[in-house]
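Data block below; observations after.
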Amino acid sequence: MIQFEHVMKNYGNTKILKDLSFTVPDGQFLVLIGPSGCGKTTTLKLINRLSEPDGGRILMDGKDISKINPVQLRRHIGYVIQQIGLFPNMTVEQNICVVPKLLKMDKSKYSQLAREYLEMVGLPYEQYAHKYPNELSGGQQQRIGVLRALAASPPVVLMDEPFGALDPMTREVLQDEVKKLQKKLNKTIVFVTHDMDEALKLADVILFMNQGEIEQMDSPEKMLEHPASDLVRSFLGKRTPVESDQLRVEDCMMTKPFVVSMDQGILECAEKMARSGIDTLLVVDENDKYLGVLPINNIRKYGRTASGIVPLLSTDYRTVRVGEYARESMDYLLGTNASFVVVLNADDTIAGIITRNRMARVVAETLWGEEK
Ligand code: ADP
């Protein structure tokens, strides 16, 4: 459990944190959000003593952390930042095991640990353990960074915009993974973001800060139902009550899905999928018009004999047009096994995709809106 008791922090004459008090129970996923400069990162750094408060105190399991040796303290607190900083001259396995090694864990034990953790995020040990960071995509490096923070099995993990630099799709995949790992390993996580979508998806509790004070601290559901101020409402943006019947497909879609051109090689496509942790690519012709979906399954089945990716395309994926109501896509996604619907512009170029995940969220959010 982490407790902030009347914590203050100044830089020069500026009061950055003003009398901040809150509690994070064990196993909770707390997300700090708020306008840039409101003090999120400062709050996070106070927890592992990268910065010291000017007033008040912070307790970890009832102990005042100012009385704990900072090095000792940090061994029990994982820390993930945007520029993950894997050690370039160490393999993936060595990177993951830095802290377990420091803690003098048995080699056989931490090797096993690296294996388990890699498998948990879908990176097979044999394939990845001995690679170096520069052989990995940005998304994969970030995965390893997250694993490294978790591997010492610290009860508390701090994350400062860990996915800020990633493309939207990789970001969503990693968000899902972190949430899964947190539940499975029962970690207490304090996570900083400025992205409300991310906060709503991950948080058990959202702490909305403004100018060093708590504007609102609530579950995502409560915050959506009762935003405490116009500022919170503006962060929630267009999520605030919309009748679900009024939603258009573009309100529900993810823009920037992975797209490749029809002249890409089969192998390149397979590699791109592997790198990004996805199992389909959207394919366009030379004028960026949508041609179809390339599923990894078709590469697996017919890839050896096919002349290019065009014969491997599936046209079974439903397409809709920008401007159409979302209800039909919603019913379709929720009623079948389809994983997404392709949204096209009037000129047949790709506007985005609506995934099941996203649809479920939009549905949940509009239901909260409709309860009023
Ligand atoms: P956030 O993470 O919410 O964007 P920060 O906690 O990074 O905000 O910063 C809060 C305020 O404190 C900002 O105005 C920032 O400029 C200031 N600040 C942060 N670190 C320092 C520092 N080391 N020295 C002086 N001012 C700082």
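Any chance you could count how many residues in the stretch 2-14 are at pLDDT 95 or above and either surrounded by fewer than 16 Cβ atoms within 10 Å (Cβ to Cβ) or near the ligand (Cβ under 7 Å from one of its atoms) (or both)?
First, the residues of the stretch 2-14 that are at pLDDT 95 or above: 2-10.
If we keep only those that are either surrounded by fewer than 16 Cβ atoms within 10 Å (Cβ to Cβ) or near the ligand (Cβ under 7 Å from one of its atoms) (or both) too, we end up with 6, 8, 10.
Within the stretch 2-14, residues that are at pLDDT 95 or above and either surrounded by fewer than 16 Cβ atoms within 10 Å (Cβ to Cβ) or near the ligand (Cβ under 7 Å from one of its atoms) (or both) number 3.
Here are TYR128, TYR132: which of them is surrounded by 18 or more Cβ atoms within 10 Å (Cβ to Cβ) and aromatic (Phe, Trp, Tyr)? Explain how you work it out, then say what you get.
Values: TYR132 fails: surrounded by 18 or more Cβ atoms within 10 Å (Cβ to Cβ).
Going through TYR128, TYR132 in turn, the sole match is TYR128.
When ILE68 is evaluated against the numbered criteria (1) within 13 Å of the ligand (Cβ to nearest atom); (2) more than 28 Å from the chain's Cα centre (by Cα), which criterion, by number, is the only one it fails?
Of (1) within 13 Å of the ligand (Cβ to nearest atom); (2) more than 28 Å from the chain's Cα centre (by Cα), only one is false for ILE68: (1).
Confirm whether PRO88 is assigned to a loop (DSSP other than H, G, I, E, B) and within 16 Å of the ligand (Cβ to nearest atom). Reasoning before the result, please.
Details: assigned to a loop (DSSP other than H, G, I, E, B): yes; within 16 Å of the ligand (Cβ to nearest atom): no.
The answer is no for PRO88.
Filter the stretch 43-62 for residues that are within 9 Å of the ligand (Cβ to nearest atom) and closer than 15 Å to PHE191 by Cβ and give the result. It would help to see each step written out before you state the result.
Of all residues in the stretch 43-62, those within 9 Å of the ligand (Cβ to nearest atom) come to 43-45, 51.
Of everything in the stretch 43-62, those that are within 9 Å of the ligand (Cβ to nearest atom) and closer than 15 Å to PHE191 by Cβ turn out to be THR43, LEU44, LYS45.
All but one of (1) buried (at least 17 other Cβ atoms within 10 Å of the Cβ); (2) closer than 25 Å to THR170 by Cβ hold for LEU247; state the number of the condition that does not hold.
Among (1) buried (at least 17 other Cβ atoms within 10 Å of the Cβ); (2) closer than 25 Å to THR170 by Cβ, the lone unmet condition for LEU247 is (2).
Just wondering, is there one or more residues in the stretch 137-146 that are within 25 Å of MET60 (Cβ to Cβ) and either within 16 Å of the ligand (Cβ to nearest atom) or not assigned by TED's automatic domain parsing to the domain that holds GLY34 (or both)? Show your work before the answer.
At the first step, the residues of the stretch 137-146 found to be within 25 Å of MET60 (Cβ to Cβ) are 145-146.
So of that shortlist, the ones also either within 16 Å of the ligand (Cβ to nearest atom) or not assigned by TED's automatic domain parsing to the domain that holds GLY34 (or both) come out as none.
No, there is no match, as no residue in the stretch 137-146 is within 25 Å of MET60 (Cβ to Cβ) and either within 16 Å of the ligand (Cβ to nearest atom) or not assigned by TED's automatic domain parsing to the domain that holds GLY34 (or both).
Could you list all residues from the stretch 181-194 that are within 13 Å of the ligand (Cβ to nearest atom) and surrounded by 18 or more Cβ atoms within 10 Å (Cβ to Cβ)?
As a first pass, look at the stretch 181-194 and keep what is within 13 Å of the ligand (Cβ to nearest atom): 190-194.
Once the filter is applied, which keeps residues that are within 13 Å of the ligand (Cβ to nearest atom) and surrounded by 18 or more Cβ atoms within 10 Å (Cβ to Cβ), the stretch 181-194 yields VAL190, PHE191, VAL192, THR193.
Every residue, every condition in (1) surrounded by fewer than 18 Cβ atoms within 10 Å (Cβ to Cβ); (2) in contact with a His (Cβ under 9 Å, 6 or more places away or on another chain); (3) among the hydroxyl-bearing types (Ser, Thr, Tyr); (4) assigned by TED's automatic domain parsing to the domain that holds GLN141, yes or no:
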{"position": "PRO257", "(1), (2), (3), (4)": "no, no, no, no"}
{"position": "MET262", "(1), (2), (3), (4)": "yes, no, no, no"}
{"position": "LEU267", "(1), (2), (3), (4)": "yes, no, no, no"}
{"position": "LEU281", "(1), (2), (3), (4)": "no, no, no, no"}
{"position": "ASN298", "(1), (2), (3), (4)": "no, no, no, no"}
{"position": "ALA306", "(1), (2), (3), (4)": "yes, no, no, no"}
{"position": "THR315", "(1), (2), (3), (4)": "yes, no, yes, no"}
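Sort out which residues of the stretch 15-41 are part of a strand (DSSP E or B), away from the ligand (no atom under 13 Å from the Cβ) and surrounded by fewer than 18 Cβ atoms within 10 Å (Cβ to Cβ), and write them in order of number.
Going through the stretch 15-41, the residues part of a strand (DSSP E or B) turn out to be 15-24, 29-33.
Those still in the list that are away from the ligand (no atom under 13 Å from the Cβ) too: 19, 21-24, 29-30.
Listed by number, the residues that qualify are ASP19, SER21, PHE22, THR23.
Looking for whichever is at pLDDT below 90, over 24 Å from LYS18 (Cβ atoms) and surrounded by 12 or more Cβ atoms within 10 Å (Cβ to Cβ) here; the options are ILE96, ILE68. Which one fits?
Numbers: ILE68 fails: at pLDDT below 90.
Just one listed residue meets the conditions, ILE96.
Scan the helices (runs of 4 or more DSSP H) fully inside the stretch 255-372 and keep the ones with 3 or more residues being more than 26 Å from VAL121 (Cβ to Cβ). Quick ask: steps written out before the conclusion?
Numbers: elements: 266-276, 296-302, 327-335, 356-371.
In the stretch 255-372, the matching helices (runs of 4 or more DSSP H) lie at 327-335, 356-371.
Assigned by TED's automatic domain parsing to the domain that holds LEU20, among the basic types (Lys, Arg), closer than 17 Å to LEU181 by Cβ and surrounded by fewer than 18 Cβ atoms within 10 Å (Cβ to Cβ): does that describe ARG115? First the steps, then the outcome.
Details: assigned by TED's automatic domain parsing to the domain that holds LEU20: yes; among the basic types (Lys, Arg): yes; closer than 17 Å to LEU181 by Cβ: yes; surrounded by fewer than 18 Cβ atoms within 10 Å (Cβ to Cβ): yes.
The answer is yes for ARG115.
Do the conditions hold for SER244, that is, is it closer than 29 Å to ILE33 by Cβ, more than 25 Å from the chain's Cα centre (by Cα) and modelled with pLDDT of 90 or more?
Values: closer than 29 Å to ILE33 by Cβ: yes; more than 25 Å from the chain's Cα centre (by Cα): yes; modelled with pLDDT of 90 or more: no.
No: the conditions fail for SER244.
Quick check: is even one residue across the stretch 196-209 free of Cβ contacts under 8 Å to residues at least 24 places away in the same chain and surrounded by fewer than 19 Cβ atoms within 10 Å (Cβ to Cβ)? Explain how you work it out, then say what you get.
Initial filter on the stretch 196-209 (free of Cβ contacts under 8 Å to residues at least 24 places away in the same chain): 197.
So of that shortlist, the ones also surrounded by fewer than 19 Cβ atoms within 10 Å (Cβ to Cβ) come out as 197.
There is at least one residue in the stretch 196-209 that is free of Cβ contacts under 8 Å to residues at least 24 places away in the same chain and surrounded by fewer than 19 Cβ atoms within 10 Å (Cβ to Cβ).
Could you figure out which of (1) within 16 Å of the ligand (Cβ to nearest atom); (2) at pLDDT 95 or above; (3) under 18 Å from the mean Cα position of the chain (by Cα) isn't true of ILE81?
Exception for ILE81: condition (2).
Just to be sure I understand, how many residues within the stretch 42-80 are within 20 Å of LEU102 (Cα to Cα), part of a helix (DSSP H, G or I) and touching a residue at least 40 places away in the same chain (Cβ under 8 Å)?
1
Of the numbered conditions (1) farther than 17 Å from LEU30 by Cβ; (2) in contact (Cβ under 8 Å) with a residue 40 or more places away in the chain; (3) surrounded by fewer than 19 Cβ atoms within 10 Å (Cβ to Cβ), HIS226 satisfies every one except a single condition; which is it?
(2)
If a residue has to be under 24 Å from GLN140 (Cβ atoms) and either over 26 Å from the mean Cα position of the chain (by Cα) or β-branched (Val, Ile, Thr) (or both) to count, how many in the stretch 269-296 make the cut?
Of the stretch 269-296, the ones under 24 Å from GLN140 (Cβ atoms) are 269-283, 293-296.
Of the ones still in play, those that are also either over 26 Å from the mean Cα position of the chain (by Cα) or β-branched (Val, Ile, Thr) (or both) are 278, 280, 283, 293, 296.
Number of matching residues: 5.
The values are calculated or read from the model by the stated rules, or taken from the named source; none is laboratory data. For clarity, every value in this text was computed on a predicted model and none was experimentally measured. When we count neighbours, we look across all protein chains shown, and the Cβ atoms used for this are built from the backbone with ideal geometry, even at glycine.
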